[in-house]
Amino acid sequence: MSKLDWVRDLVRAEQQLEESDMVDFAVGFDDQRVLHGESISLLEKIKESFVDYASAFNQMKGVAIGNIKIYGIANTQADFMLFRNGVKLIFSVKKPGIICVRTSHGGFFPGTTATEVVSPTDEDLIEAQFGAFQELFWTHRKTRILDVENMVRFYLSRFIRESAR
C-alpha cells in the first residue's frame with residue numbers, strides 16, 4: 001500500500017462530495033483495505049527475507065540434499081511455504097490483519113494418501129493492531145514485533161531444527 005493512498009482517497013471523496021452533495025464521514029480510512037494491503041506487504045517482506053536467508057543456508061551447506069525450497073501458494077496473493085525433508089512452514093493470510101504461521105509434518109507421496117499432520121498448537125498468529133492515531137503495528141502473542149528480521153531468524157532456526165533428518 002502506497003504511503004499516499006489515504007490522500008488519494010481523500011481527493012476522491014471530495015470529488016464525489018462535489019458531484020453528489022453528500023458527505024461521507026468515514027472517508028480516508030478504510031480499515032479492512034488497510035489491513036488487507038498491510039497483510040500482503042508484510043508477507044512479501046517476510047518472504048523476501050526467507051529467500052535471502054534460505055539461499056545463504058543452501059550455499060553454505062554445499063550439497064543439494066536437505067536444501068530449503070520456497071514455494072508460492074497457488075490462488076493467493078502472497079502466501080508461501082518453506083519445504084525441507086518433508087516438513088513445511090506455511091505463511092498465509094488467515095484474514096486481513098491476521099497472518100497464520102503453521103508447521104506441517106509428513107507429506108504427500110505419489111500413490112498414497114496425504115499424511116499431513118497439523119495441530120492447532122503448531123499454529124502461530126501474527127496480528128495487526130491499530131495505535132492511538134490509527135498507525136498499524138504487528139504483534140505476536142500480544143507483544144509488538146519490532147523487527148521482521150528477528151521474526152524470520154526465529155522461524156527459520158526452528159524450521160531447520162524441526163526439518164533436520
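Taking every Cα atom in segment 38-91, find the radius of gyration and the maximum pairwise distance Dmax, and write them in Å.
11.8, 37
What is the sum of charges, Lys and Arg at +1 and Asp and Glu at -1, for the other residues whose Cβ falls under 12 Å from the Cβ of I46?
Overall, the nearby charge balance is -3.
Which of I40, I70 has the fewest other C-beta atoms within 10 Å, and how do the rest follow up to the most?
I70, I40
Neighbour counts of other C-beta atoms within 10 Å: give me T143, T103 arranged from fewest to most.
So the ranking, lowest neighbour count to highest, is T143, T103.
So how do V152, V7, V63 line up by other beta-carbon neighbours within 10 Å, fewest first?
Least to most surrounded, the residues fall as V63, V7, V152.
All of the numbers you see were taken from the coordinates with simple rules; none came from a lab. Bear in mind that the values here come from a model prediction, so they are computed numbers and not experimental data. Note that we place each Cβ from the backbone using ideal geometry, even for glycine, and neighbour counts take in every protein chain shown.
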